[in-house]
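Okay, structure first, notes after.
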Amino acid sequence: MFRSASDNIGSLITFTLRKDRVRIPLWLIGIIFFTILIPLALDDMFPTQDERDVMAETLANPAVTAMVGPGDIENYTIGAMTTHNMLLFTAVVVGLMSILLVIRHTRTEEEDGLSELLLALPVGRLANLNATLFVLTVTNIVLALVSGFSLYALGLESMDLEGSLLYGVALGSTGLFFTGVAAVFAQVSESSRGATGLSIAVLLLAYFIRAIGDVSNETISLFSPLGLVTQTKAYSANEWWPVLFLVGFSALLFLLANYLNAIRDWGAAFLHARAGRTHATRFLQSPIGLFFRTQRTAFISWAISMLVLGISYGSVMGDLESFFQGNELLEQMLIAEEGYSLTEQFIPALMLVMGILATVPPIMAMNKLIGEEKKNRIESILAAPVSRGKLLASNLIIAAFNGFVMISLSGIGLWLAAEAVMEDSFSFGTIYGASLVFYPAMLVMIGAALFLIGVAPRFTGLIWVYVVFSFITNYLGGLLDLPEWIEKLSPFGHIPALPVEKMEWTPIVLLISVAAILIILGFIGYRKRDIEG
Amino acid sequence: MSIVEVKNLHKKFGNFQALDGVNLALNQGEIYGFIGPNGAGKSTTIRILLGILKASEGKATIFGKDAWHDAVEIHKRLAYVPGDVNLWPNLTGGEVIDLLIGLRGGNNKHKREELLERFALDPSKKCRTYSKGNRQKVALVAAFASDPELFIFDEPTSGLDPLMEQVFQEYVQAAKNAGKTVLLSSHILSEVEKLCDRVGIIRQGKIIESGTLSEMRHLTRTNLLVETKEPIPAIDEWKGIHNVQKDGQTLDFQVDSEELDAVIRYVSQYGIVKLESAPPTLEDLFMRHYEHKQETTEGGNS
């Protein structure tokens, strides 16, 4: 039965490879490139064992462990450092790659009716699934071997052949495991979005179970595939048993996917898309409700990311003093100010990075309006008794609220983590104030985006140039020795560097006025111009 | 009383003259058919009426108010269904219907449920999964459920199957009976012919023909099919006769309305065996203008 069900699998494998001849190499090159770049960068940044030990000290806290997993802190070689900092994250990316590729070739093709075309040919019913599994298996084996041997080829002292191969194989077996997960969900879920969503949910769940286990009880981590990955302890203890478990589970998942595929009809699924709401909530029946609703997922994802970013910056605050001593590059970037600790002086730089990053989601929220217009969805709203002013104002409120939440969460995250790792921490007001002081600059950026929407709708993309410009001139300004007036071209160049500098209200008032002017001009333009759709 | 009035409307997109002096007027309680080939300016006219585009020149008023300045006031009393309905993929059909009704301020639960049933639309599905026809149904349900004074439809049935087209026509007819005014832009000429009291044909940004169907027919040709005992000599040379096709003793041709009397007198001399006449369909009217356009673009003259 199995043989005939997989008839013509050979040509399907060739076909699958043909369809992904660009996609798969791009994924592999990207992942392998980062894998070999990191140890080189670490070697460059921490050339001596002393410096690495300082780093180990800095990272030895629960917040970091929850984020990247346990590391061999006692013997923190370049190899151990690479494993500690990168293995888990890379494994997550490999898992994601496998999920996306599998769903693309299975449920997506089924949903689009493409595999119907194939099934009418002398092709076995399970051939497509197994061709996909075969291609993904080969992809992950190539990934394991190439990244393993490349790491070894770097010739770094602490990175021996066994550790390197284990590192690569740990990545590859994670890929296999999530290939299996995605293959099963491709049978279970009716839509490709559903299958992708469920598979990614498993990936995230694996990450969180491991995070909980790593900071409380390591046995819990063993129930997570990603926990198994960190248990390989590549470049230190070199444990191979977790890989065997991962490969074994993958094989079981492959079999389960085949079984589920064999017992279901083409196009059918075990889980059905649950019926959505047949009525709108009262909240949805206004432009502001509509905009919030359509951006909800992006908003929540960004909010979580900003909080995590704040926490991760905050978690390294504990041992910054010893870490900074002797690092010329970082010292140069900081504002040399008497009477403040290095940690305090580091805060404005962190806040700037977070402030500029926190500007990205509100600008995306603002530009959503132009996206909606290009997709011809604004005309339905404007054909109802909704004025352009109300439409634009609704979107502005969403964007401004978005920005406020983002910058707040990054500050709160930083404070929470700093509170946990520092003996003599900062007051909440100090940290939150230092982050919130960037909000007027963010308002200018939001205002500029709105101005473009109203006055130059073809050039709304230019706002991103301004964001990148702000980042380069302000974050790297000290390093590049740029004249101060260039920094001042960005709103972020006017923000007082709290808590090192004194709070100054003049630039704040100035920025808010600029934002207000941009917003007013944008409104005038938007009310006068043609709406494309 | 004119519900919609458009006078000498011009619209330029850069160098492209999309509208070149459009005039039209809709009276209370009538269904006005707005027809013309793609790119003739139907949707541009409608979008100016909705205040989404700003006229370069000319005047557009609805309910006696300016379409651009008083857009919000006007929109409280009208419903619009675009030809290409684009919806938010992550909202369900039911949510979008409520949103559109809610924005307009009306709420008629009973009518909404009735419409969903008549149009056979499942409101619990995400708009992502809807076909073009189903997306149009969402917009139609929202429009009919909100009970406005004026309906503006821009090719509303291009994705509907014949059964649903029938349902649509019933609701339009019911709206007319209730005294509502309807502007119906359409490609489906049989639909326009069936529903509309008056018709305007737009071409290259100008209304080239408008009036009731019978008025327009009067200005045009009648199809004649004649079979006579003796052959009719030199029929093609008669004034006002076009497109003569011979099949033995049977002749098939079109006659300009003002020449009809003379032609019948002439033909009857030869002993009529069979005579069939048909009024020109809207399609004939439309095609005549359309052919005319092709001839002129080819440099001919007619």
Requested in this report: Look at segment A:276-304 and say how many of its residues are more than 8 Å from chain B (Cβ to nearest Cβ), among the polar types (S, T, N, Q) and buried (at least 18 other Cβ atoms within 10 Å of the Cβ).
Outcome: 1
Query raised in the report: Based on what the data block shows, is A:ILE99 surrounded by fewer than 19 Cβ atoms within 10 Å (Cβ to Cβ), in a helix (DSSP H, G or I), at pLDDT 90 or above and under 26 Å from the mean Cα position of the chain (by Cα)?
Result: no
Query raised in the report: Where residues in segment A:72-89 are of a type outside the set (A, V, I, L, M, F, W, C) and surrounded by fewer than 23 Cβ atoms within 10 Å (Cβ to Cβ), which of them is farthest from A:ILE29 (Cα to Cα)?
Result: A:GLU74
Query raised in the report: Given B:ARG265, B:ARG288, which one is part of a helix (DSSP H, G or I) and surrounded by fewer than 15 Cβ atoms within 10 Å (Cβ to Cβ)?
Result: B:ARG265
Report task. Please specify each residue of segment B:64-86 satisfying the condition of being within 7 Å of chain A (Cβ to nearest Cβ) and closer than 11 Å to B:ALA139 by Cα. Result -> B:TYR80, B:PRO82, B:ASP84, B:ASN86
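How many of the residues making up segment B:233-262 are farther than 24 Å from B:MET216 by Cα, among the β-branched types (Val, Ile, Thr) and surrounded by 15 or more Cβ atoms within 10 Å (Cβ to Cβ)? Quick ask: steps written out before the conclusion?
Just the residues of segment B:233-262 that are farther than 24 Å from B:MET216 by Cα, to begin with: B:233-237, B:245-251.
Adding the requirement that they be among the β-branched types (Val, Ile, Thr) leaves B:235, B:250.
If we keep only those that are surrounded by 15 or more Cβ atoms within 10 Å (Cβ to Cβ) as well, we get B:235.
So the answer is 1.
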Report task. Scan segment B:23-39 for residues that are among the aliphatic types (A, V, I, L, M) and in contact with a Gly (Cβ under 7 Å, 6 or more places away or on another chain) and jot them down. Result -> B:LEU24
Query raised in the report: If you go through segment A:476-506 one residue at a time, how many are in contact with a helix residue (DSSP H, G or I) (Cβ under 6 Å, 6 or more places away or on another chain), under 26 Å from A:GLY339 (Cβ atoms), touching a residue at least 40 places away in the same chain (Cβ under 8 Å) and not small (Gly, Ala, Ser)?
Result: 7
Report task. Residues being over 17 Å from A:VAL353 (Cβ atoms) and aromatic (Phe, Trp, Tyr): count how many of those fall in segment A:430-460. Result -> 2
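Would you point out which residue out of B:LYS42, B:LYS59 is surrounded by 15 or more Cβ atoms within 10 Å (Cβ to Cβ), basic (Lys, Arg) and out of contact with any His (no Cβ under 8 Å at 6 or more places or on another chain)?
Numbers: B:LYS59 fails: surrounded by 15 or more Cβ atoms within 10 Å (Cβ to Cβ).
B:LYS42 is the lone residue from the list that is surrounded by 15 or more Cβ atoms within 10 Å (Cβ to Cβ), basic (Lys, Arg) and out of contact with any His (no Cβ under 8 Å at 6 or more places or on another chain).
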Report task. Give me a count of the residues in segment A:446-484 that are modelled with pLDDT under 90 and closer than 20 Å to A:THR506 by Cα. Result -> 2
Report task. Among what's in segment B:64-81 and is touching a helix residue (DSSP H, G or I) at 6+ places or on another chain (Cβ under 6 Å) and either assigned to a strand (DSSP E or B) or in contact (Cβ under 8 Å) with a residue 60 or more places away in the chain (or both), pick the residue that is farthest from B:PHE151 (Cα to Cα). Result -> B:LYS65
Report task. Specify the residue that is modelled with the highest pLDDT; the eligible residues are those in segment A:376-429 that are more than 8 Å from chain B (Cβ to nearest Cβ) and assigned to a loop (DSSP other than H, G, I, E, B). Result -> A:SER427
Query raised in the report: Which of the residues that make up segment A:480-533 are charged (D, E, K, R) and more than 30 Å from A:SER394 (Cα to Cα)?
Result: A:ASP481, A:GLU484, A:GLU487, A:LYS488, A:GLU501, A:LYS502, A:GLU504
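Listed residues A:LEU480, A:LEU521, A:LEU510; which is more than 14 Å from chain B (Cβ to nearest Cβ), in contact with a Phe, Trp or Tyr (Cβ under 8 Å, 6 or more places away or on another chain) and not aromatic (Phe, Trp, Tyr)?
Values: A:LEU480 fails: in contact with a Phe, Trp or Tyr (Cβ under 8 Å, 6 or more places away or on another chain); A:LEU510 fails: in contact with a Phe, Trp or Tyr (Cβ under 8 Å, 6 or more places away or on another chain).
One residue alone meets the criteria, A:LEU521.
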Query raised in the report: Identify, please: which residue in segment A:365-375 is assigned to a helix (DSSP H, G or I) and within 14 Å of chain B (Cβ to nearest Cβ) and is, among those, nearest to the chain's Cα centre (by Cα)?
Result: A:LYS368
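Would you pick out the residues in segment A:490-509 that are among the polar types (S, T, N, Q) and more than 29 Å from the chain's Cα centre (by Cα)? I'd like the intermediate steps shown before the answer.
Narrowing segment A:490-509 to residues among the polar types (S, T, N, Q): A:490, A:506.
A:THR506 - this is the single residue of segment A:490-509 that is among the polar types (S, T, N, Q) and more than 29 Å from the chain's Cα centre (by Cα).
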Query raised in the report: List pairs: first in segment A:1-19 and assigned by TED's automatic domain parsing to the domain that holds A:ALA127 and assigned to a loop (DSSP other than H, G, I, E, B), second of a type in the set (Gly, Ala, Ser) and at pLDDT 80 or above, Cβ under 7 Å, 6+ apart or cross-chain?
Result: A:SER6/A:GLY124; A:SER6/A:ALA127; A:ASP7/A:GLY124; A:ASP7/A:ALA127; A:ASN8/A:GLY124; A:ASN8/A:ALA127
Report summary line: Just one listed residue, out of B:GLY102, B:GLY94, B:GLY39, is without any contact (Cβ under 8 Å) to a residue 24 or more places away in the chain and part of a helix (DSSP H, G or I), and it is B:GLY102
Report summary line: If we take segment B:107-207, then strands (runs of 3 or more DSSP E) inside it with 2 or more residues that are within 13 Å of chain A (Cβ to nearest Cβ) and within 21 Å of A:ALA383 (Cα to Cα) are B:150-154
Requested in this report: Kindly list the number of the only condition in (1) in a helix (DSSP H, G or I); (2) in the same structural domain as A:SER199 (by TED's automatic domain parsing) that fails for A:THR297.
Outcome: (2)
Report task. Output the number of the condition that B:LEU53 fails; it satisfies all remaining conditions of (1) free of Cβ contacts under 8 Å to residues at least 12 places away in the same chain; (2) surrounded by 18 or more Cβ atoms within 10 Å (Cβ to Cβ). Result -> (1)
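Filter the helices (runs of 4 or more DSSP H) completely within segment A:113-192 down to those with at least 1 residues that are touching a helix residue (DSSP H, G or I) at 6+ places or on another chain (Cβ under 6 Å) and among the charged types (D, E, K, R). Walk me through it before giving the result.
Numbers: elements: A:114-119, A:127-153, A:161-188.
Here the list is empty.
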Report task. Only residues that are under 17 Å from A:ASP72 (Cα atoms), surrounded by 20 or more Cβ atoms within 10 Å (Cβ to Cβ) and of a type in the set (A, V, I, L, M, F, W, C): list them for segment A:227-275, please. Result -> A:LEU228, A:VAL229, A:ALA234
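Being closer than 27 Å to B:GLN166 by Cβ, in contact with a strand residue (DSSP E or B) (Cβ under 6 Å, 6 or more places away or on another chain) and either at pLDDT 80 or above or not assigned by TED's automatic domain parsing to the domain that holds B:PRO37 (or both) narrows it down to one of B:VAL199, B:VAL244, so name that one.
Numbers: B:VAL244 fails: closer than 27 Å to B:GLN166 by Cβ.
Testing whether each residue is closer than 27 Å to B:GLN166 by Cβ, in contact with a strand residue (DSSP E or B) (Cβ under 6 Å, 6 or more places away or on another chain) and either at pLDDT 80 or above or not assigned by TED's automatic domain parsing to the domain that holds B:PRO37 (or both) leaves just B:VAL199.
The values are calculated or read from the model by the stated rules, or taken from the named source; none is laboratory data. Keep in mind that this is a model prediction, so the values were computed, not measured. Cβ sites come from the backbone with ideal geometry, for glycine too, and all protein chains shown count toward neighbours.
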